[in-house]
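Each value in this text was obtained by applying a stated rule to the coordinates, not by laboratory testing. This is a predicted model, so every value here is computed, not measured. FYI the Cβ positions are ideal-geometry reconstructions off the backbone, even for glycines, and counts take in every protein chain you see.
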Amino acid sequence: MKRVLTIAGSDSGGGAGIQADLKTITVLGSYGMSAITVLTAQNSVGVQGVHPVPIDFIKLQMDSVLTDFGVDAAKTGMLSTPEIVLAVAEQLRRYKVELLVVDPVMVAKSGDVLLSKAARVTMREELLPLAHVVTPNLPEASELCGFPVEDLDAMKEAARKIRKLGPRFVVVKGGHLEGDAVDVLFDGESFQTFETPRLSNRNTHGTGCTFSAALATFLGQGSTTPEAVGQAKEFITRAIALGLDLGSGHGPTNHYAHVLRLKEEWAKNL
């Protein structure tokens, strides 16, 4: 069984962060491990509190997992402060983690800021050069490249600029665009687009976390990067389509939707 490490914040509501990552990794058939960076008090309507984990303890969690279990792929999510970003980057370099997906989490669905301005600079300088893939949405891509990203042409230009920061691949996610949901993958030479019909569903809390966790899992299982992006896109689209109407705000996506599809396929073959 392939081993996937998520280095991210805890979402007490269960729809995003460590909780969403571990659900995703598990239903996709890999073994999930975690290093928690930040504790949040959070639900479908917003983030009520943020409590960073002490730096030494974040590093200890990573030491514990990586010296004993090892890792086939890893992802980062909410890192919050410059000190956390730097500590995580140092540990990833130390343990030579090759298949790293960086989800540059900056702002929650509710609008709450999850990555400080100073931490964004540290992420650009210290973490992105370690990434196999970085997966910004449009606001995050705009922050990383320094200009508004509001259409497909701008997504491609942003991908070019972000790749110069060091990641091998860039996936700019077009979930904030009008029309179909189009994601762009750039490998430094060519572009590949992944398009699905836009779904009318407000229950989209944790989409970025879930997508990046799925991407890391598929990479760890041996898929090529384009294959893994397509598989992760399929996974998150299904999870959104069957999103859970929980809470009074943006409910979570349905990580179990993948299992439901498999059960349907098995039933057809009986």
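Below are the figures for this structure:
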read-out	value
Rounded to 5, percent antiparallel among DSSP beta bridges of the chain	40 percent
The chain: relative contact order in percent, alpha carbon pairs under 8 Å with at least 6 residues between	19 percent
Point-to-point label distance, residue 41-residue 26, nm (Cα→Cβ direction, 7 Å offset)	2.6 nm
Where labels lie 7 Å past Cα in the beta-carbon direction, separation of residue 160 and residue 198 in nm	2.6 nm
Computed Rg/Rh of segment 133-270, alpha carbon atoms with Kirkwood Rh	1.00
Expected 222 nm ellipticity per residue - DSSP helices of 4 or more, -39500 (n - 2.57), all of the chain, to 500	-12500 deg cm²/dmol
Neighbourhood charge, 15 Å Cβ-Cβ cut-off, centred on residue 83 and excluding it, Lys, Arg +1 and Asp, Glu -1	-1
Chain lengthening between residue 168 and residue 60 when straightened (0.36 nm per residue, less Cα-Cα)	36.1 nm
Cα Rg, Dmax (largest Cα-Cα span) when computed across segment 1-111, Å	13.4, 38
Within a Gaussian network of the chain (alpha carbon springs, distance under 10 Å), most fluctuating of 64, 44, 223	64
Prolate/oblate/rounded label for segment 177-251 (Cα gyration tensor, a/c 1.5)	oblate
Mean projected area in nm² (Cα convex hull; one quarter of hull surface) for segment 38-83	4.3 nm²
Relative contact order of segment 64-193, defined on C-alpha pairs under 8 angstrom at six or more residues apart (%)	20 percent
Measure of compaction for segment 131-174 (Cα Rg per 2.2 N^0.38 Å)	0.96
As computed over the chain, the Cα convex hull volume per residue (Å³)	120 Å³
Max mean-square fluctuation residue, GNM over the chain, Cα-Cα springs under 10 Å, options 37, 207, 67	67
Among 139, 252, 197: highest mean-square fluctuation, GNM of the chain, C-alpha pairs under 10 Å	197
Tail fraction, Cα-Cα pairs, segment 100-177, threshold 21 Å, whole percent	19 percent
Among beta bridges that DSSP assigns inside segment 9-105, antiparallel share in %, nearest 5	50 percent
Computed E for residue 152/residue 241 - FRET, C-beta separation, R0 30 angstrom, nearest 0.05	0.85
